[in-house]
1. What does the convex hull of the Cα atoms come to per residue for segment 53-93, in Å³?
2. Report ³J(HN,Hα) in whole Hz for each residue of segment 256-265, in order, from the Karplus equation J = 6.51 cos²θ - 1.76 cosθ + 1.60 where θ = phi - 60°; Gly and Pro get x.
3. Less than 20 Å apart at the alpha-carbon level, and either on another chain or at least 8 residues along: which lysines does that give for Lys68?
4. Of Cys410, Cys128, how do they rank once you tally other Cβ atoms within 10 Å and put the fewest first?
5. Quote to one decimal, in nm, the extra length available between Glu306 and Leu276 on full extension: 0.36 nm per residue of separation minus the C-alpha distance between them.
6. Among Gly101, Ile39, Leu56, whose Cα projects farthest towards the positive end of the dipole of segment 39-118, with charges put on the beta-carbon of Lys, Arg (+1) and Asp, Glu (-1)?
7. Starting from 0 in steps of 5 Å, tell me what percent of the Cα-Cα pairs of segment 239-304 lands in each bin.
8. Tell me, what ³J(HN,Hα) does each residue in segment 23-33 have, in order and in whole Hz, if you take phi through Karplus 6.51 cos²θ - 1.76 cosθ + 1.60 with θ = phi - 60° and put x for Gly and Pro?
Amino acid sequence: MTTAQLETFVRKTVSSTPVRDIHTHLYDPAFGELLLWGIDDLLTYHYLVAESFRYLRMPYADFWKLTKSQQADLIWDVLFIRNSPISEACRGVLTTLNLLGLDVKKRDLPKLRKWFAAQKPDAYIDRCLKIAGVEDVCMTNSPFDDLERPVWERGFKRHPAFSSALRIDPLLLDWKNTAPKLAGWGYKVGPGRPNQKSLDEVRRFFADWSKKMGARFLMVSLPPEFKFPDNTDTAALIEGAVLPHCREFNLPFAVMPGVTRAVNPQLKMAGDGIGLTDLSFVKNLCAGFPENKFAATVLSRENQHEMCVLARKFRNLHIFGCWWFTNIPHLIDEITRLRLELVGLSVTPQHSDARVLDQLIYKWTHSRTAIGEVLVEKYRDLAATGWAMTKPEIERDVRNLFGGAFETFCKA
Ligand code: HDL
Ligand code: ZN
């Protein structure tokens, strides 16, 4: 292949290779209203709420009293009309509308609402997955969510494109208030620091829900100051229940450090912040438990290089995604370069973290472009050495980056 043919082929492969999205907040259609989609959900995404309040002077409480479509009208007016929608989250809405074939030039929000209201959910789900090129959407499933739990308990026919991950933040981070819930569900756990009996019962809880959900991995988000080992309920639960359960079920344990929850509580879900994480806990987990597998994404840009070095040290660590505040083209480019240059292809460059179904379209379109340009440069540098990649090899590499490497890691 000439350099021009190589570049064209890489871009085509990156834009057309199906993605397995390993972390989202989407739901199988069986969860009904929990699956968000359509223009008002797109506009009231918590990223846009936070950005709107940079211009809004109204009391937060007044905003929260508005209906969803009134909030959307306000956000549309302040972020799209009174100011150009240049931020990643704003541009994303327009990329999605454009790729759905809607005319954003008209800026006609009522007309857009009418179009979405006419969509049939099941057909629309398949359409969004197809345009985004996503073949699997991994959900974030929590037995502690009072709306979600009953659906799992009554059972439902699974949509083939939606898989599951077991999210355990309340258990690990708020044991004091979660232990009584487990007790209420029939797990014989006592209050206070978990003893062996309680740890065994927590493992039974993990086993029950891993089977019920078909969980691909367990996951938790952690504050920047999280330590392991440590004299805490969290550390005891991780060592005494999470890791033995993950070894028994051969599941990765995904850790997502760096979140400082509710730095501005008046923003509700939009109120979380960020902190520089002490990554020594990742080193201690990977080194201390070589039989366990760990996946990790970290919220602070400044932690990314050290996370790549940790991945070089520990084959039981799989790093993934440009998470949340790093999910912008500039940092997707920077972080993907770091990873490919330091770790190579045994990583998962991106997950969408989508909360609204239609976001898959923009999150993956924007990420494919950013990741694609880095790959073009890397393959061009490779060609400059005289190394001749074949097309099947490039297709293999991209399939691995878009979910294949993570699947191999999970199966190992
Ligand atoms: O904890 C998480 O999984 C984060 O992704 C939060 O849900 C966050 O609110 C988010 O949506 N980030 O994209
Ligand atoms: Zn998330």
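Bear in mind that the values in this text are calculations on the coordinates, not laboratory data. Not measured: the values here are computed from a predicted model. For neighbour counting, all protein chains shown are included, and Cβ atoms are generated from backbone atoms with ideal geometry for every residue, glycine included.
1. For segment 53-93, the hull spanned by Cα atoms encloses 70 Å³ per residue.
2. 10, x, x, 8, 9, 5, 6, 5, 10, x
3. Reachable lysines: Lys111, Lys114, Lys268.
4. Cys410, Cys128
5. Between Glu306 and Leu276, full extension yields an extra 9.6 nm.
6. My answer, from the dipole projection, is Gly101.
7. Histogram of Cα-Cα distances, whole percents per bin: 4, 16, 21, 18, 15, 13, 9, 4, 1.
8. Karplus-based 3J(HN,Hα) across segment 23-33 equals 8, 9, 10, 8, 10, 3, x, 4, 8, x, 4 Hz.
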